[in-house]
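Trainee: One structure coming up, written as structure tokens, with questions to follow.
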Amino acid sequence: MEKRDNQQRRRGPGGGSPKGDSQGQQQSSQRSDMRSSEQPLSSEWKEKVIQIRRVTKVVKGGKKLSFRAVVVVGNGEGQVGLGIGKSSEVIGAIQKGVAAAKKSLIQVPIHATTIPHAIDAKAGSSLVVLRPASEGTGVIAGGAARAVLELAGVENILSKSLGSNSPLNVARATIKGLSQLRTFKDIAEARGLTVKEMIR
């Protein structure tokens, strides 16, 4: 008798009745619906990891191992950024790289799915050559330059990487070249003319 009384006290007034089970299921379903509604359906930002390297630092008492991640972030509509993250774990390095890339976003002027004009950019010992291309050409690039151009939203372009093939320097050179692009409107304003007057 004492055991039964203790079990009933633990279960409470609802006990193991079907009403209590149904109420618990309803509450759990409501919580799951709330969580699903709070989570965004999709994110406009896309990210690509260009390189992950293990870095060794000599400190007092031995060596300290860490990871360096080079990440590119873009929305495919003219905004792109490059970031570097360092951490003792790979996931932490990638997260720091994404945060750094979002802080260094640039606006890329896109003219009819390509760049307005040709440009060359250099970073370190890497040289990247960017040339506008006609419709249907696609992104003719490789490695880090391709990742940057695709996330920037450029659909047709010709590019060539010269010099060092370091992914970090190639990505920096590509970002530098895209940031130096100017539109017809910018050049006309610098000359004190309208776009029609400059074309004539």
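Trainee: Give the accessible surface of segment 114-200 per residue, rounded to a whole number of Å², with probe radius 1.4 Å and ligands, DNA and RNA excluded.
Mentor: 53
Trainee: Tell me, in nm to one decimal, what length is gained between Glu135 and Leu162 on full extension, where the rule is 0.36 nm per residue of separation less the Cα-Cα distance?
Mentor: Working: separation 27, 0.36 × 27 = 9.72 nm, distance 2.51 nm.
Result: 7.2 nm gained on full extension.
Trainee: Which FRET efficiency, nearest 0.05, do Ile91 and Lys63 yield, Cβ-Cβ r, R0 30 Å? The partial results should precede the final answer.
Mentor: Details: r = 22 Å, r/R0 = 0.72.
Between Ile91 and Lys63 the formula returns 0.85.
Trainee: Which percent of the accessible area of segment 57-144 is formed by carbon and sulfur heavy atoms (probe 1.4 angstrom)? All intermediate terms of the calculation are to be shown ahead of the outcome.
Mentor: Values: 2570 of 4660 Å².
Here carbon and sulfur together make up 55 percent of the probe-accessible area.
Trainee: P(r) for segment 47-200, please, calculated from all Cα pair distances in 5 Å bins and given in %.
Mentor: 2, 10, 16, 19, 16, 13, 9, 6, 4, 2, 2, 1, 0, 0, 0
Trainee: In whole Å, largest first, what are the principal axis extents of the Cα atoms in segment 123-200?
Mentor: 43, 30, 19
Trainee: Mind listing the Cα extents of segment 101-166 along all three principal axes, in Å, largest one first?
Mentor: 31, 28, 19
The values are calculated or read from the model by the stated rules, or taken from the named source; none is laboratory data. What you see is a predicted model, and the numbers here were worked out from it, not measured in a lab. Don't worry about glycine lacking a Cβ; one is built from the backbone with ideal geometry, like all the others, and counts go over all protein chains shown. Keep in mind that these areas ignore ligands, DNA and RNA; they rest on the heavy atoms of the full protein, side chains included. Shrake-Rupley method; radii C 1.70, N 1.55, O 1.52, S 1.80 Å.
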